[in-house]
Structure formats: structure tokens, C-alpha cells
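The values are calculated or read from the model by the stated rules, or taken from the named source; none is laboratory data. Here the structure is a predicted model, which means the values were calculated and not measured. Please note: Cβ atoms are built from the backbone with ideal geometry, for glycine as well, and neighbour counts cover all protein chains shown. For the accessible areas, the whole protein counts, side chains as well, though only heavy atoms, and no ligand, DNA or RNA atoms are used. Shrake-Rupley method; radii C 1.70, N 1.55, O 1.52, S 1.80 Å.
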Amino acid sequence: GAVRGWVEVLLARGSGWNDLVLMAEAHRAAAAGEEQGLAGLAELATALSGSAERRSETLTLGAAFLAAARPWNGADGAGWRLSGAEAEMPLPVAAGAVACHAGLPLAGSLVAYAHSFSASLVSAAVRLVPLGQSEWVAVLRDLSPSVVTNARRAAGSTLDELGSAALVSEIAAMRHETLPTRLFRS
């Protein structure tokens with residue numbers, strides 16, 4: 001219950017929600033061919049990172065995602081480049097742009113992103129708390145309604161809906177980067 005509740009809060013009111021809003025905006029900007037809009041979203045997403053580690057993580061994952069998605073980028077490779085600055089594209093912005101240029105619908109892409117976000121957090125919890133594999137799968141199943149609900153909300157969201165009310169998570173992320181021994185990067 002605690003792991004599920006933690007992930008649900010992040011999806012509805014925390015970093016997961018912000019990622020979904022940013023991804024939706026990136027998908028729409030890419031569909032409209034607004035390269036400057038994507039660049040602005042990348043800057044905003046970077047600025048919204050609550051800690052240095054989260055900033056580094058989202059930029060590193062965004063660059064890795066774009067590199068892995070090159071086969072969907074077309075022959076010239078120009079589909080979702082931000083004036084050559086793709087190394088500075090946070091993950092949710094990269095995911096939204098790639099999904100759009102790959103012809104994937106926004107709604108389904110948001111569900112997939114929300115599920116991936118949830119699964120990575122539950123996977124981390126499996127390594128930190130006594131949570132067995134069957135319990136892990138049950139938590140993911142139980143998160144499905146929240147994944148779908150928040151993805152649907154994000155599909156109709158605007159940047160005005162960005163914000164986090166998951167303060168404990170943000171504070172924990174800031175404290176984490178100062179710990180001498182850690183199991184995870186962020």
C-alpha cells in the first residue's frame with residue numbers, strides 16, 4: 001500500500017505529473033513544427049528539476065532516449081533535433097517529440113510514459129523494501145487506474161498546470177544527493 005500510494009502521489013501531484021504535462025506539450029509542439037517551443041520546453045523542464053541529481057538524470061536519460069530512438073528519426077536525422085542541442089533535452093520533452101515524430105498518438109504515449117515512470121519507481125522500491133516479485137506485479141496492476149487517469153488528465157493539460165505538491169519527495173531528492181553512500185543516482 002505505501003509504495004502504491006507514494007507513486008500515485010507523484011503521478012497526480014509530483015514529478016510524474018510534471019513529466020506528463022511536459023511530454024504532452026512537447027508532443028503538441030512537435031506536431032506543430034515549433035522547434036523554438038520545444039527548446040523552451042527543454043529549458044523549462046530542466047529548470048523544474050528539484051535537485052542537481054534530478055537535473056542530471058533527466059538530461060542524461062533524454063539524450064540516451066534520443067540516441068536509442070534514432071531509427072524512428074528518418075533518414076536525415078532532423079526530426080526532433082533542437083538546433084543540434086539534443087543533449088540538453090530532458091526525458092519527458094524528448095519522449096513527447098519522439099512519440100509525435102514516430103506517429104504515435106498522444107493519449108497512448110502518455111499512458112506508456114506514466115507506466116514506465118511507475119514501473120521504475122516500483123522497481124527501485126523492490127530493492128529497498130521487503131517487496132517480493134508477486135507483490136511488485138500486484139502494485140503495478142493496482143497503479144493502472146492512476147496511470148490511465150493521470151495520462152488522460154495530462155492529455156488535456158497546459159503548462160499552467162505544472163507544479164508539485166509532493167514536497168517530501170522533493171526534499172528527499174535534495175537530501176539524497178548529499179548522502180555519502182547511495183544505491184541510486186537520484
Looking at ALA47, ALA29, which is the one that is open to solvent by less than 30 Å² (accessible area, probe 1.4 Å) and either modelled with pLDDT of 90 or more or in contact with a Ser or Thr (Cβ under 7 Å, 6 or more places away or on another chain) (or both)?
ALA29
Restricting the range 113-148 to residues that are out of contact with any helix residue (DSSP H, G or I) (no Cβ under 8 Å at 6 or more places or on another chain), within 23 Å of LEU22 (Cβ to Cβ) and not polar (S, T, N, Q), which is most open to solvent (accessible area, probe 1.4 Å)?
PRO145
Cβ pairs under 6 Å, 6+ apart, first in the range 65-80 and of a type outside the set (Ser, Thr, Tyr), second at pLDDT 85 or above and in a loop (DSSP other than H, G, I, E, B):
TRP72/ALA102
List the pairs whose first member sits in the range 25-51 and is closer than 15 Å to ASP160 by Cβ, whose second member is charged (D, E, K, R) and buried (at least 17 other Cβ atoms within 10 Å of the Cβ), and whose Cβ atoms are under 6 Å apart, counting only residues at least 6 apart or on separate chains?
LEU41/GLU25
